[in-house]
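Participant: After the structure tokens below, expect a handful of questions from me.
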Amino acid sequence: MNKFKLYRVWTITKKEFIHIKRDKPSLVISFFLPIMMLLIFGFAVNADVNNVNLSIYDGDNTEQSRALIASFTHSHYFNDFSRGFSVEDVEDTIKKGDAKTGLIIPPDYSKKLNRGESSEIQILVDGSDPTIARTAVNYAMVISNHYNSTVNAKSIAPVGVSAKPMVMYNPTLESAKFNIPGVVGLILQNITIILTALAMVREKELGTIEQLIMTPVTSLELIIGKLIPYIAIGSYDFAVVMLLSRWIFGVSVAGSMLELILLGFIFLVGALAMGMLISTVAKNQGQAIQGTLAFLLPSVLLSGFMFPRESMPLVIQWISITFPITHFLVILRGIILKGVGISYLLNATVSMLVIITVLIGVTAFKFTKKLD
């Protein structure tokens, strides 16, 4: 039996360092991924809700109504996003998802205050995200109460501003109605990318991809033929998850099922393209797993599935919009919870289509070049 020799251990260690140095993808993941994860997650993982987009309808348009608006917009809780010409304009802005809250000031607001009566304002809140909705309601009540105290301190006759919140789309603020559509998107993305990336790399490791290249099959035929089974699997997963969401959690589709299926299919194709792109770069299944995790973890945390995107720094928000899942979650929650159509989800739909088109183009180019 050979005795333990330190120089032999050192020889193996040097060999392994040389192997790591030559393995560029693993080297990048080992040294740069932890830094990227820390910076992105450190800024993104934030449950605090600030700068919530506020849409305003000022039916009174007086000095007193503008003072009330200033009490909302000058705080760091709300962002003066848009001004509507009617209550319907504010509701449409919330329905599109551009604003999460709305402030409605009635035409007789200042008249009631001048008569010493209590004047009621309405706070519209998008209940499709219970975390933001609860926080926005609390913020609105605190601001209106503080405004009352400030005005009464300067006035002889006490006045009162009564804030009446109305939660839209999810009045009971059930978390399941917010989480389930997000889970549908994540399942469709994660399973598809993992299966595609690993399957394609396995083909390279076994050498069967070279055997296919020797046949008369063209690159396009090979790509389509490889993707069809995963499209079928993804479609099955989508159907099963939607049915179980309805039967177990009571989350039904309020909007058009046809539009949901169409946009879900487009997103599925984008996820397949991402899986193929990872498999093209990866040399083995280990690298494919590392690359998949490097993509999936940021996409989950930055997409708005777990944490409000409104609370993230602007740079992180810009990074988040490069993920198709970010826009697909807006589409899912819009169709399932709000019952809105593509016309209301145009920004999210176009953004998702552009990103997926670019992704498919890059993947097709890289994969064809690899085969050639």
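Participant: Please work out the Kirkwood hydrodynamic radius for the stretch 52-168, using every pair of different C-alpha atoms, and report it in angstroms with one decimal place.
Facilitator: 14.1 Å
Participant: For the chain, treating each Cα as an identical point scatterer without solvent, what Debye log10 I(q)/I(0) comes out at q = 0.15 1/Å?
Facilitator: Computed log10 I(q)/I(0) values: -1.26.
Participant: E120's amide H: which non-local residues (gap 5+, or another chain) put their own amide H closer than 5 Å, with H modeled 1.01 Å from N in plane and none for Pro or chain starts?
Facilitator: Distant-sequence amide H within range of E120: S162.
Participant: Evaluate the distance, in nm, between pseudo-label points positioned 7 Å from the Cα of N50 and of A176 along their respective Cα→Cβ axes.
Facilitator: Result for the modelled spin labels: 3.5 nm.
Participant: Among K338/K366; K177/K366; K112/K338; K15/K283; K95/K226, which pairs are too far apart, with a Cα-Cα distance over 31 Å?
Facilitator: K338/K366; K177/K366; K112/K338; K95/K226
Participant: Another question about this same structure. In the chain, if the dipole is taken from +1 on Lys/Arg beta carbons and -1 on Asp/Glu beta carbons about the Cα centre, which of G160, V354, S299 is farthest to the positive end?
Facilitator: Farthest towards the positive end: S299.
Participant: A further question on this structure: Taking 7 Å along the Cα-to-C-beta vector as the label spot, tell me the E63-K21 distance in nanometres, rounded to one decimal.
Facilitator: Simple spin-label model gives 7.7 nm for this pair.
Participant: What is the percent of Cα-Cα separations in the stretch 175-371 that go past 31 Å?
Facilitator: For the stretch 175-371, the share of Cα pairs beyond 31 Å comes to 20 percent.
Participant: Kindly rank 190-198, 341-349, 292-300 from highest to lowest mean number of other beta carbons found within 10 Å of each residue.
Facilitator: Working: 190-198: 21.6, 341-349: 16.7, 292-300: 18.4.
Packing proxy ranking, top to bottom: 190-198, 292-300, 341-349.
Participant: Sticking with this structure for a sec: Using a simple charge model, +1 on the beta-carbon of Lys and Arg, -1 on the beta-carbon of Asp and Glu, nothing else, what dipole does the stretch 73-153 show about its Cα centre, in debye to the nearest 20?
Facilitator: 240 debye
Participant: Positive end of the dipole of the chain, charges at C-beta (+1 Lys, Arg; -1 Asp, Glu), about the Cα centre: which of L68, G42, L263 has its Cα farthest in that direction?
Facilitator: Farthest towards the positive pole: G42.
Participant: Next question. Please list, in chain and number order, the residues 5+ apart from F78 or on another chain whose amide H is under 5 Å from its amide H, with Hs placed from the backbone.
Facilitator: Placed amide hydrogens put N51, V52 under 5 Å from F78.
Participant: Right, here's the next one. May I ask you to list, by number, the DSSP H helices of the chain whose Cα span along the axis is at least 20 Å and whose average Kyte-Doolittle hydropathy reaches 1.0 or more?
Facilitator: Span-like helices here: 24-44, 219-249, 257-281, 285-302, 346-371.
Participant: Also, quick follow-up: Any idea how far apart A70 and N138 come out in nm if each label point goes 7 Å out from Cα toward Cβ?
Facilitator: 2.8 nm
Laboratory data are not the source of any read-out in this text; all were calculated from the coordinates shown. For clarity, every value in this text was computed on a predicted model and none was experimentally measured. FYI the Cβ positions are ideal-geometry reconstructions off the backbone, even for glycines, and counts take in every protein chain you see.
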